[in-house]
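So the structure is just underneath, and the comments pick up after that.
The values are calculated or read from the model by the stated rules, or taken from the named source; none is laboratory data. What you see is a predicted model; the values in this text were computed from it and never measured. Cβ coordinates were reconstructed from backbone atoms using ideal geometry, including for glycine residues, and neighbour counts include every protein chain displayed. To get the accessible areas, we keep the full protein, side chains included, count just its heavy atoms, and leave off ligands, DNA and RNA. Shrake-Rupley method; radii C 1.70, N 1.55, O 1.52, S 1.80 Å.
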Amino acid sequence: MEQFLSGAVAMGFAVAGLLFLSYWRRLRQRLFLTFALSFFLLAVNYTWLAVTLIPVEERSPLFLIRLLAFAMIIVAIVQSNRPSSTR
């Protein structure tokens, strides 16, 4: 059951990544591309978790992938809200 749910979560992240990728293709804003890449990383993370059945103690590489994805999202949001220079 845990594998099934991890697969469903991975599919949800992949669909969200495709949605943000379509927004990026239409609007060409870097925020949407970063969100798409982050959600694809999260999809890979949960797919890896579902396929390998790693015990809880050995999941640190998976947490590093999640950390990277969430850090990318935070940096993209901060950069998109920063005022642009008018020089």
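Report the residue count in region 31-53 for those that are more than 9 Å from the chain's Cα centre (by Cα) and at pLDDT 95 or above.
3
Suppose the filter is out of contact with any strand residue (DSSP E or B) (no Cβ under 8 Å at 6 or more places or on another chain), surrounded by 15 or more Cβ atoms within 10 Å (Cβ to Cβ) and touching a residue at least 12 places away in the same chain (Cβ under 8 Å); does LEU62 pass it?
yes
Looking at (1) within 30 Å of MET1 (Cβ to Cβ); (2) among the polar types (S, T, N, Q); (3) open to solvent by less than 50 Å² (accessible area, probe 1.4 Å), can you tell me which one THR52 breaks?
It is condition (3) that THR52 fails.
For region 26-40, indicate whether the set of residues that are open to solvent by 80 Å² or more (accessible area, probe 1.4 Å), assigned to a helix (DSSP H, G or I), under 22 Å from ASN81 (Cβ atoms) and charged (D, E, K, R) is non-empty.
Yes: region 26-40 contains one or more residues that are open to solvent by 80 Å² or more (accessible area, probe 1.4 Å), assigned to a helix (DSSP H, G or I), under 22 Å from ASN81 (Cβ atoms) and charged (D, E, K, R).
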